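> Pasting a structure here, questions to come.
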Amino acid sequence: MPQSLARVVLHVVFSTKNRVPFLKDPDIRARLHAYMAGVLIKIGCEPILINGAEDHVHILCNLSRTITIAGLVEEAKTSPSRWMKEQGPAYRDFFWQGGYGSFSVSQSNVEQVRAYVAAQEEHHRKVSFQDEFRALCRKHGVEIDERYVWD
C-alpha cells in the first residue's frame, strides 16, 4: 500500500502541578484551550474538543500518524505553559503536573466522550479531579500507584 492511513482518537488528561486552581477564571481557561487547539493543529493532531476545570484539562483529539503520544503531550504542555506565564503575575508559577493519562477512544464512542469532556464544569461540582482520574483509569484497565500519580 503506497499510502499510510490512521484514525486514532485519544482522550488525554493532565492536571496543573499540585492541582493548583490556576484555571478558575473561565476567560483564561477558554483562551488556554484555544491556544492548545492551535498547538495541536500545528503538529497534525486535529482537536475534537479541549475542556476542563480549574485544575486540569481534557483533550479529545486525533493522533497524527507521525507523532507519539508522549510527543503530543509534550507539545500540549510546553508551549501553553509558557503562554500561561505570559498572562500576568498571577500565572508566573504556573506548571503542569509531570504525568498524564492517555486513553484510546473507539470511533463509536467519540460522541459520548465528547459530551463527557464538554460537561466538565458541571461534572466537577460533584467529583474531584483525583476521583475522576481514578475512575478513568479503572474504566480503561489502567492500574495506578498513588504514590507516584499525584504531583
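The values are calculated or read from the model by the stated rules, or taken from the named source; none is laboratory data. Because the structure is a prediction, the values reported are computed rather than measured. Backbone-built Cβ (ideal geometry, glycine too); neighbour counts: all protein chains shown.
> Give the residues of segment 102-134 that are assigned to a helix (DSSP H, G or I) and of a type in the set (A, V, I, L, M), sorted by residue number.
Residues satisfying the conditions are Val110, Val113, Ala115, Val117, Ala118.
> Taking the conditions exactly as written (more than 23 Å from Gln130 (Cα to Cα), among the β-branched types (Val, Ile, Thr), modelled with pLDDT of 95 or more and out of contact with any Cys (no Cβ under 8 Å at 6 or more places or on another chain)), does Thr78 satisfy them or not?
Here the answer is no, as Thr78 does not meet what is asked.
> From the set of residues in segment 65-101 that are of a type in the set (S, T, N, Q) and in a loop (DSSP other than H, G, I, E, B), which is surrounded by the most Cβ atoms within 10 Å (Cβ to Cβ)?
Out of the qualifying residues, it is Gln97.
> Can you list residue pairs whose Cβ atoms sit under 8 Å apart, with the first residue in segment 22-49 being more than 11 Å from Glu75 (Cβ to Cβ) and the second being among the aromatic types (Phe, Trp, Tyr) and surrounded by fewer than 19 Cβ atoms within 10 Å (Cβ to Cβ)? Count only pairs 6 or more apart in sequence or on different chains.
Every condition considered, the pairs that remain are Phe22/Tyr91; Ile28/Tyr91; Leu32/Trp83; Tyr35/Trp83.
> In addition: Report every pair of residues separated by at least 6 positions or lying on different chains whose Cβ atoms are under 6 Å apart, first residue within segment 60-80 and on the phi > 0 side of the Ramachandran plot, second in a helix (DSSP H, G or I) and loosely packed, with under 14 Cβ neighbours inside 10 Å.
Final answer for the pair search is none.
> While we're here: When you check Val127 against the structure, is it within 22 Å of Val149 (Cα to Cα), among the hydrophobic types (A, V, I, L, M, F, W, C) and in contact with a Phe, Trp or Tyr (Cβ under 8 Å, 6 or more places away or on another chain), yes or no?
For Val127, the condition - within 22 Å of Val149 (Cα to Cα), among the hydrophobic types (A, V, I, L, M, F, W, C) and in contact with a Phe, Trp or Tyr (Cβ under 8 Å, 6 or more places away or on another chain) - is not met.
> Which residue out of Arg29, Arg7 is more than 19 Å from Leu136 (Cβ to Cβ), of a type outside the set (Ser, Thr, Tyr) and buried (at least 18 other Cβ atoms within 10 Å of the Cβ)?
Sole residue among the options that is more than 19 Å from Leu136 (Cβ to Cβ), of a type outside the set (Ser, Thr, Tyr) and buried (at least 18 other Cβ atoms within 10 Å of the Cβ): Arg29.
> Picking from Ile41, Ile69, Ile48, which residue would you name as being modelled with pLDDT of 95 or more, within 13 Å of the chain's Cα centre (by Cα) and farther than 26 Å from Glu146 by Cα?
Ile48
> Filter segment 109-129 for residues that are β-branched (Val, Ile, Thr) and modelled with pLDDT of 95 or more; which is surrounded by the fewest Cβ atoms within 10 Å (Cβ to Cβ)?
Val110
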